[in-house]
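First comes the structure, then the notes that go with it.
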Amino acid sequence: MTAFKNYKMEEKLSLLSELVKMARIDSEISHMELSFIQQIAAMLDVEKDYVMALIDENIAYKAPKTEFERILQFHRLVLLANVDLQIESEEIMALQKAGIKLGLRPEAINAVLMEMVKHQHGMIPTERILQIFTAYHN
């Protein structure tokens with residue numbers, strides 16, 4: 001049971017680490033980005049101290065096991081990229097790479113990025129993200 005708990009914590013820290021990397025793309029983690037990451041950490045039952053440690057530490061990446069969890073992680077990355085109300089071309093490229101790294105279909109990733117601009121502050125509803133990925137599912 002301990003090995004399972006350790007794996008789950010490693011997976012959670014890996015997910016949060018990816019969010020930290022995305023926040024760093026424009027060189028500085030803003031207060032809004034840090035707050036967003038801390039909210040996600042709270043949802044994952046990860047203590048604030050771990051989040052602060054992730055800012056200085058790089059964790060080995062562990063992709064979520066299920067496709068739904070990978071889509072959810074991509075959605076978190078999209079929301080984080082938009083949380084400061086500015087999305088740079090570097091962030092778009094990082095989102096594309098992150099989606100590929102998560103094993104998601106490139107066509108679906110691009111469709112999400114095009115859809116993002118249709119929503120206020122890029123805040124795509126979860127249902128819409130799922131519709132897009134379902135449309136591109138094998």
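Numbers for the structure displayed
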| item | result |
| --- | --- |
| Verdict on E33 being among the charged types (D, E, K, R), assigned to a helix (DSSP H, G or I) and touching a residue at least 60 places away in the same chain (Cβ under 8 Å) | no |
| Counted residues, the stretch 68-115 - those being touching a residue at least 40 places away in the same chain (Cβ under 8 Å), in a helix (DSSP H, G or I) and of a type in the set (D, E) | 2 |
| Filter pass, S14 being open to solvent by less than 70 Å² (accessible area, probe 1.4 Å), assigned to a helix (DSSP H, G or I) and modelled with pLDDT of 85 or more | no |
| Hits in the stretch 54-77 (condition: at pLDDT below 85 and not polar (S, T, N, Q)) | L54, I55, D56, E57, I59, A60, Y61, K62, A63, P64, K65 |
| Residue that is nearest to H75 (Cα to Cα), among those in the stretch 116-138 that are part of a helix (DSSP H, G or I) and open to solvent by less than 20 Å² (accessible area, probe 1.4 Å) | I129 |
| Among the residues listed as I87, I92, I29, I40, the single one being at pLDDT below 90, within 22 Å of T134 (Cα to Cα) and in contact with a helix residue (DSSP H, G or I) (Cβ under 7 Å, 6 or more places away or on another chain) | I92 |
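So that you can scan it fast, the table gives a plain yes or no per residue for (1) touching a Leu at 6+ places or on another chain (Cβ under 6 Å); (2) aliphatic (A, V, I, L, M); (3) open to solvent by less than 90 Å² (accessible area, probe 1.4 Å):
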site	(1), (2), (3)
M52	no, yes, yes
K65	no, no, no
L72	no, yes, yes
L80	yes, yes, yes
V83	no, yes, yes
K97	no, no, no
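The values are calculated or read from the model by the stated rules, or taken from the named source; none is laboratory data. As the structure is a prediction and not an experimental result, all values here were calculated from the model. Ideal geometry is used to build each Cβ from the backbone, glycine not excepted, and the neighbour counts take in all protein chains shown. The accessibility values were calculated without ligands, DNA or RNA, using every heavy atom of the protein model including side chains. Shrake-Rupley method; radii C 1.70, N 1.55, O 1.52, S 1.80 Å.
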